[in-house]
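The values are calculated or read from the model by the stated rules, or taken from the named source; none is laboratory data. In this text the structure is predicted, and so the values were computed from the model without any measurement. Cβ placement follows ideal geometry from the backbone for every residue including glycine, while neighbour counts extend to all protein chains displayed. Heavy atoms of the whole protein, side chains included, go into the accessibility calculation; ligands, DNA and RNA do not. Shrake-Rupley method; radii C 1.70, N 1.55, O 1.52, S 1.80 Å.
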Amino acid sequence: MKSVFIINGFLESGKTEFIKFTMQQEYFRIKGKTMILLCEEGEVEYDDALLKQTNSVVEVIEKKEDLLGSTLLNLEKKHKPDRIIIEYNGMWPMANLKLPWHWKVNQQITIINAATWPMYYTNMRSLIGDMVRKSEMIMFNRCDGIKDLASYKRNMRALNRDAEIIFEDSNGEVTATMEEELPFDVKKDRIDLTEATYGIWFFDMLDTPDRYEGKTVSFLAHVAKPAGFHEGCFVPGRHAMTCCAEDIAFLGFVAKYEKASEIKDGNWYNVTATVKHEYWADYKGVGPVLYIDEITPANAPKEEIINLV
């Protein structure tokens, strides 16, 4: 099997700088050859000295139509690499990348210029969603002077809940995410959520679960009861638009309730619950579990899908 690393992002996001830096690190060195597939050429280039030092070769892929198995196999035959790095074009759909069966993706990393993030997130969210959906690490660089990094992290969590998210300044130093000013008081024992704040609470629960432990939350919920779901449990939550109208996700945490059998799948309820964190098999570890204190039938809201912009 050939090891593949995919580094994607928009033009001038810093992909080449990231790859060049990584190639020089001891932990990334290999004895064999590395083939870099360059899918767009920016201002930064791979210099001959680095390529010689790291036993690497660059091949330029000029058209997305060239990302076919046959083309990639011919390049493999030409260079006989032990490892492939793909510097992917952020404007090309990931579906265009058709890897040979024996090329295994070890890691996918997305590089984002924090200074231009708001523009891309507002205007090209479907492309960003496609780009980051399978990324294991997402790196925001050039974060100098940006005061709302916490909201950047929340935006990204809406697109990919599991990725590691890193923030760096222009010197490559990792910077701490600034605390976001939340639209509710987390110091209170009870938090009443609205249409506008549910999504913020949901993702903050994922990132900082400890500050909600033992607190009471209330919200209007759409109930999901998947077939064969655990007895005495259901999932209250809300559907949210993450990228575009075609990309809707259900944001909810498992709830325990002794009268769960009386709760109807697909119905709306006003939910009041106490937040606990405990092992849950579907989470594959510890995660939020809502213990229902009170639940009453409710009417569907005018807008059933919340927007995470």
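Considering region 250-288, and only residues there that are touching a Cys at 6+ places or on another chain (Cβ under 9 Å) and under 18 Å from LEU193 (Cβ atoms), the residue that is surrounded by the fewest Cβ atoms within 10 Å (Cβ to Cβ) turns out to be VAL254.
Please go through region 158-178 and give me each residue that is modelled with pLDDT under 85 and touching an Asp or Glu at 6+ places or on another chain (Cβ under 7 Å), ordered by number. Selection gives SER170, VAL174, THR175.
For region 292-309, filtering for residues that are closer than 28 Å to SER151 by Cα and out of contact with any Asp or Glu (no Cβ under 8 Å at 6 or more places or on another chain) leaves 6. Taking the criterion of being over 15 Å from PHE250 (Cα atoms) and open to solvent by less than 40 Å² (accessible area, probe 1.4 Å), the residues of region 158-168 that qualify are ALA163, ILE165, ILE166, PHE167, GLU168. Name every residue in region 59-72 that is in a strand (DSSP E or B) and open to solvent by 40 Å² or more (accessible area, probe 1.4 Å), in order of residue number. Within region 59-72, just VAL60 meets the criteria. Suppose we keep only residues that are open to solvent by less than 50 Å² (accessible area, probe 1.4 Å) and polar (S, T, N, Q) within region 12-24. Which one would you say is farthest from ALA114 (Cα to Cα)? Among those residues, the one meeting the criterion is THR22. Filtered by the rule that a residue be farther than 18 Å from VAL4 by Cβ and in a loop (DSSP other than H, G, I, E, B), region 47-58 gives a lone residue, ASP47. Counting only residues that are in contact with a His (Cβ under 9 Å, 6 or more places away or on another chain) and of a type in the set (Asp, Glu), which one in region 185-233 is surrounded by the fewest Cβ atoms within 10 Å (Cβ to Cβ)? Looking at the filtered set, the residue picked out is ASP210. Considering region 105-121, and only residues there that are closer than 12 Å to TYR152 by Cα and β-branched (Val, Ile, Thr), the residue that is most open to solvent (accessible area, probe 1.4 Å) turns out to be THR116.
Against the definition (of a type in the set (Phe, Trp, Tyr) and open to solvent by less than 30 Å² (accessible area, probe 1.4 Å)), how does PHE5 come out, yes or no? Steps first, answer last, please.
Details: of a type in the set (Phe, Trp, Tyr): yes; open to solvent by less than 30 Å² (accessible area, probe 1.4 Å): no.
No, not satisfied.
In summary, PRO93 fulfils each of the numbered conditions (1) surrounded by 15 or more Cβ atoms within 10 Å (Cβ to Cβ); (2) under 17 Å from the mean Cα position of the chain (by Cα) with the single exception of condition (1). Among the residues of region 96-133, the ones that are more than 12 Å from the chain's Cα centre (by Cα) and under 26 Å from SER70 (Cβ atoms) come to 12 in all. Every condition in (1) touching a Ser or Thr at 6+ places or on another chain (Cβ under 7 Å); (2) surrounded by 18 or more Cβ atoms within 10 Å (Cβ to Cβ) holds for ASN141 except the one numbered (1). A search for C-beta distances below 7 Å between a residue of region 211-233 that is assigned to a loop (DSSP other than H, G, I, E, B) and any residue that is small (Gly, Ala, Ser), counting only pairs 6+ apart in sequence or on different chains, returns GLY232/ALA260.
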